[in-house]
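Following: one structure in structure tokens, then a few remarks.
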């Protein structure tokens, strides 16, 4: 039923392999909530596109994008220009019996919209907490909060999650009928983001042990 | 010594945290050779940017980008328009004692350039083999090769790796001096792409066992 939701626009309609497209909120939100990094695309004044990785968080139907990494974004995006935010989880390699039918398993979301800068300090602080909570739940409550000057030095953009689509490929290869007889192994090599053991900072007091939200960190959070 | 290489242009110069920037071929090539997916940014006719994940391979100082996923790219890119290709490896979360100094460990490459379509069938076939060899070495030699029609139905773009930069963050948090006394755990949570056990296709003859390049698959290849 979920996949009966129509696309919000022609521009976000999945054209190649349309069966892989999904347009319902639940599917789009689940991918956004699991990812840690997005790729933000914008076009600079000389019409050169840029694609910059950064962190983000979803707040209802808005995406907050952390702009500190990208001084280049700052000038370009303050004016409220069109962006594309893409979140991709790469779930595996798909090995078919023909070169042509090889594929990838993945879950991705593409959001088209206009990014606006969050300038109100209280709103910006709330957005930064959302980003922190998204990346590492409970961290914000333990650390030193940003000073007013630190908030000023950080840029947060808001992008509405209105014109968006998900694209998902799962499962094994789909071969041409006549290729199934070929004596070649076929299947999937799944890939997963593995969270490794935390490494304490060299200057950390050894009496301070990592909290459970660090030792039990995982994605997706609801595993 | 490697990091003494100057940037190819102002546009690819790393401005925020300039010490994280690198412009030498070896650093840029190593990141491109380890990654599996790139994000291609281009600007559509209505000035809307798009960012699309796809596979790629490096061939010397050229990047081949697989265009099959993106029918939308096809029309936009055939004419030879400016693109940005970004490859990001997300290596971990960096937990500082202040919210502001939290960071990510990552290795990324940004390439600016003009994408041109490879139209010569033999050249396109060679580029497709490069992409296959990049993603799964030795696979190409075992599977059914593309027919002439399959080659025609696939789009491969070439982007020169000339105007490019790498950006790398490694290691633990860097806190403000006065924050080191705070009684809060600080350090890194490393992330790694884990290759899981291969899953045979449901229609595979059980007598066909996975080859070593599948059972021993890993990234980076030279581990």
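A few notes on this one:
- Inter-copy label distances for residue B:177: 7.7 nm (label point placed 7 Å from Cα along Cα→Cβ; shortest first).
- Length-normalised contact order for chain B - Cα pairs under 8 Å, 6+ apart - percent: 25
- Projecting label points 7 angstrom from Cα along Cα→Cβ for residue B:212 and residue A:199 puts them 3.1 nm apart.
- Footprinting exposure proxy ranking of A:123, A:216, fewest other C-beta atoms within 10 angstrom first, gives A:216, A:123.
- Cα centroids of the range A:180-223 and the range B:94-135: 22 Å apart.
- Sorted shortest first, the separations between the residue B:216 label point and its copies elsewhere in the assembly read 3.9 nm; each point sits 7 Å from Cα along the Cα-to-Cβ line.
- Gyration tensor verdict on the range A:95-139 (Cα atoms; rounded if a/c is under 1.5, prolate if a/b is larger than b/c, oblate otherwise): oblate
- Alpha carbon Rg of the range A:70-178, scaled by the compact-globule rule 2.2 N^0.38 Å: 1.52
- Among B:158, B:99, B:186, the largest mean-square fluctuation in a Gaussian network model of chain B, built with springs joining Cα atoms closer than 10 Å, belongs to B:99.
- Counting neighbouring Cβ atoms within 10 Å and putting the fewest first, the residues B:219, A:97, A:212 line up as A:212, B:219, A:97.
- As a size descriptor, the averaged projected area of the C-alpha convex hull of the protein assembly as shown was calculated at 22.1 nm².
- Square roots of five times the Cα gyration tensor eigenvalues for chain B, Å: 35, 25, 16
- Here is how the number arises for chain A: DSSP H runs of 4 or more residues each give -39500 (n - 2.57), the sum is divided by the residue count, and the result at 222 nm is -5000 deg cm²/dmol.
- Using a 7 Å projection from Cα along Cα-to-Cβ, the label point at residue B:6 is separated from the same position in the remaining copies by 5.7 nm, smallest value first.
- Ranked list, fewest to most other Cβ atoms within 10 Å of each Cβ, for A:102, B:90: B:90, A:102
- Against the rule of thumb 2.2 N^0.38 Å, how large the Cα Rg of the range B:116-223 comes out: 1.70
- Where N is the number of residues in the range A:148-210, Cα Rg divided by 2.2 N^0.38 Å: 2.28
Each value in this text was obtained by applying a stated rule to the coordinates, not by laboratory testing. Since we're looking at a predicted model, the values are computed, not measured. No Cβ is skipped: glycine too gets one built from the backbone with ideal geometry, and neighbour counts run over all protein chains shown.
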